[in-house]
Amino acid sequence: VTGGLDDPRLAEFRNELRAWLAEHAPREPVPLHGEERARYGAVWHRSLHQGGWMGLSWPEAYGGRGFPAVYEAVLNDEIGRAGAPAAPHVGFLGRALLHHGTEGQRRRFLPSLLSGEEVWCQGFSEPGAGSDLAALSTRAVLLGDHYLVNGQKIWTSDAAWADWCLLLVRTDPDAPKHRGISALVVDMATPGIEVRPIVQINGDTEFNEVFFTDVAVPVDAVVGAPGDGWRIAMTTVGYERGPADVGFSSRYARLLAELVALARANGVDEQQRLALARAHVQVEVLRAHVNRSLARRDDGAVPGPEGSVDKLLSTRTEQLLHHTAMDLFGAAPLTGDGAEVLSAYLYSRAASIAGGTSQIQRTIVAERLMGMPRSG
Amino acid sequence: VASAPQDELIVGACRRFVDHGAEWADVADAGFGVLGLDAARGGGGAGAREVALVAEELARGPLPVPFVGTALAVDLLARADGGDVTEVLAALVGGRPSAIIVERTLGRVAATGIAVDTAGAGDGEVLAVGCRDGEVVVAFAGDPLEGVDLTRGLAAVTGGIESVGRIDDRELANWTSFARTVLSADLVGTMQAALEAAVAHAGDREQFGRPVGSFQAVQQLCADQLVTVEAARSITRAAADAIDRSATADAEELSLVAKAYCSEAGRDVTEAAIQVWGGIGMTWECPAHRWLRRALLARQLFGDESTLLRTLADGHLFAEMGS
């Protein structure tokens, strides 16, 4: 399927999906905060799974349907168009298990990750290891048949209700920093794990701090081999930046359509009309770009540094749209009327920080795509 | 539908033209002047995608050959009816280049005003093709104008116009979509070349004992430009593909979006390239200003971003409201 999102061979799939969404997409809006939103998300996840829409590009052996990656993008496209909530982002973490896990780990964990029966979180960042992820210091010491884990993670989405954590730990403090890291699958019910929610700038509590004190993890919980942690982390973030996953441009198109409808109803001045036209240009450009990226993408290959271009462009679009929205709504969200507009705007600031800051993405683009000399 | 091997052949040929400083005769001999014309009429039978690809690649030089003027003239003539159209097309199939006539504002095609793309046409009178009130016209270009773009000649067209055929509004609209797309591609090639050259310079030029390209301030600037160039390329290809699948409404809208985006990006990226060069970028000797100059002209041709954003707002986003 090389025609990208508009390939005619996808039409039947698209129609089937559209009909399903019309019937099953939740009508009530996504709750703004914490646990309530998580419960809502869990119901939506199970509903998508029952409909057969989870794991479209995953191997059938692990609960997927074995389609090319573009089907995931079509799913995101149609979900956005329907104004339905985003599909759960199981792909980042799941792909790491798929590429690097043992056969036993894949069979044990992937089907329940896809179905939503078990919830996962991603223990990567630490207070002292943000952009410099390889500086992480959470330690795992091997004691016979188990590791003893001590340390702290931060920005861990869903940790408060997760069943499992893909945890990056330092297993070899004497190795160079990128080589001494391993990835463990940790049962979040293990004694010694404490989760504390972080209140974000929009009042939400999506993220958490997670503390590990003498947490015992069986030795067979290592993903891949000890020391493979960095490679596994890069696979995960590669998918996080890749077009099929960020290619949610139709959500932007829908938001823009809502803004235009509002502007039509209320009447706007020339400057606001031009601001909306500019946002429209950016949304269409992103859609064309995601489409081209998908057409070039080699199915099955781990996304490379070109994903950073996609992420930077997506970030520009998201942040421009929310600026446009805030400007259009004017005083309302600032004076207690339009909480969701304000919340969405505030959250859009994360686009240039989460999954690798825009500064880190630009360094990747400069050094790895453009071949510029390495910075000091 | 896009064919990767054919794309590679086109790109390879264009790169050789650029590397060897080819002249119009070389480009015409390869059949590129009439690349988009039906094979039955002596052309290459290629789509907008391929024509845009040639425009993009030749702009990288930038090569002072009138490819864009000729490609636009050929497409305009091919959409017209009338006995004399065939005669003019035959001359272009034979390797003669053509300029395209636009209003003095550069905003739209016209019968008098400025003939664009007269450089590199060789000796003799430069043919120019334009349009007015449903008539496709030809004229000979008059006095040369001292334009900003050192690689694209301009000349006044004040009279001596001869009608060669008729074109309906729908075909003229389709041609305009094509023109915006080809100019967008020209801007993509211009941006790409300016950025590549600036990045290469940043890898050589040393200050503080290190290549300036190793400084994050310079890297971040360049990386942002690459994002812009890749985005510009994506939307330009999308517009060309819409033309090739005869999705005329999509083509009109996407070509507006592409030209609006590329017009703004073209100036930004070529200015950033000058910044990366620093003081050398301000000299005539440095190639950076050639790309900036080319971008300045291309961004005005058939509308810059301000004009086109207004068109999008009035004609698309707020269409039913009127304006």
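Taken together, the values in this text are just the output of simple stated rules run on the coordinates, not laboratory data. Just so it is clear, the model here is predicted, and its values are computed rather than measured. Positions of Cβ are backbone-derived with ideal geometry, glycine not excepted, and every protein chain shown enters the neighbour counts.
Tabulated data
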{"item": "Highest average packing first - B:113-123, B:274-284, Cβ atoms within 10 Å", "result": "B:113-123, B:274-284"}
{"item": "Fully extended contour minus Cα-Cα distance, from residue A:103 to residue A:60, at 0.36 nm per residue", "result": "14.1 nm"}
{"item": "Positive-end residue, region A:228-376 charge dipole about Cα centroid, Cβ charges, pick of A:355, A:255, A:271", "result": "A:355"}
{"item": "Cα centre as origin, Lys/Arg/Asp/Glu Cβ charges: chain A dipole, Debye", "result": "840"}
{"item": "Radius of gyration and Dmax over the Cα atoms of chain A, both given in Å", "result": "21.1, 71"}
{"item": "Scattering profile of chain B at q = 0.10, 0.11, 0.15 Å⁻¹ [log10 I(q)/I(0), Debye over alpha-carbon scatterers]", "result": "-0.54, -0.65, -1.20"}
{"item": "Ascending count of other beta-carbon atoms within 10 Å, so fewest first, for B:208, B:318", "result": "B:208, B:318"}
{"item": "Size descriptor, Kirkwood hydrodynamic radius, that averages inverse alpha-carbon separations across region B:197-323, Å", "result": "16.4"}
{"item": "Relative contact order [Cα under 8 Å, 6+ residues apart], region B:1-68, whole percent", "result": "36"}
{"item": "For region A:15-89, alpha-carbon Rg and Dmax in angstrom", "result": "12.6, 36"}
{"item": "Cα gyration tensor, region B:191-235 - rounded (a/c under 1.5), prolate or oblate", "result": "oblate"}
{"item": "Nearest-ten-degree value, helix A:70-82 long axis tilted from longest Cα axis of chain A", "result": "50"}
{"item": "Bins of 10 Å from zero: percent of alpha-carbon pairs in region B:117-222", "result": "12, 25, 27, 15, 13, 7, 1"}
{"item": "Most fluctuating residue given options A:123, A:104, A:238, as computed from a GNM of chain A linking Cα atoms under 10 Å", "result": "A:104"}
{"item": "Against the rule of thumb 2.2 N^0.38 Å, how large the Cα Rg of the protein assembly as shown comes out", "result": "1.06"}
{"item": "Nearest 10 degrees, 0 to 90: helix B:67-78 Cα axis against chain B principal axis", "result": "30"}
{"item": "Candidate lysines for bridging to residue A:153, where Cα separation is under 29 Å - those fewer than 8 sequence places away on the same chain excluded", "result": "A:177, A:311"}
{"item": "Along each principal axis, Cα extent of region A:145-218, largest first, Å", "result": "41, 26, 16"}
{"item": "Leading residue at positive end of dipole, the protein assembly as shown (Cβ point charges), from A:182, B:160, B:302", "result": "A:182"}
{"item": "Options A:45, A:89, A:294, ranked by Cα towards positive dipole end of chain A, top entry (Cβ charges)", "result": "A:294"}
{"item": "Listed residues B:138, B:188, B:11, most fluctuating in chain B (Gaussian network, C-alpha, under 10 Å)", "result": "B:11"}
{"item": "Inter-site label distance for residue A:141 and residue A:28 at 7 Å from Cα along Cβ, in nm", "result": "4.9"}
{"item": "Between 0 and 90°, nearest 10: helix B:216-244 axis offset from chain B longest Cα axis", "result": "20"}
{"item": "Rounded to the nearest 20 debye, dipole of region A:289-342 from Cβ charges on Lys, Arg, Asp, Glu", "result": "240"}
{"item": "Highest average packing first - A:212-224, B:299-311, Cβ atoms within 10 Å", "result": "B:299-311, A:212-224"}
{"item": "Shielding by partners, peptide B:205-216 (average Cβ within 10 angstrom, other chains)", "result": "3"}
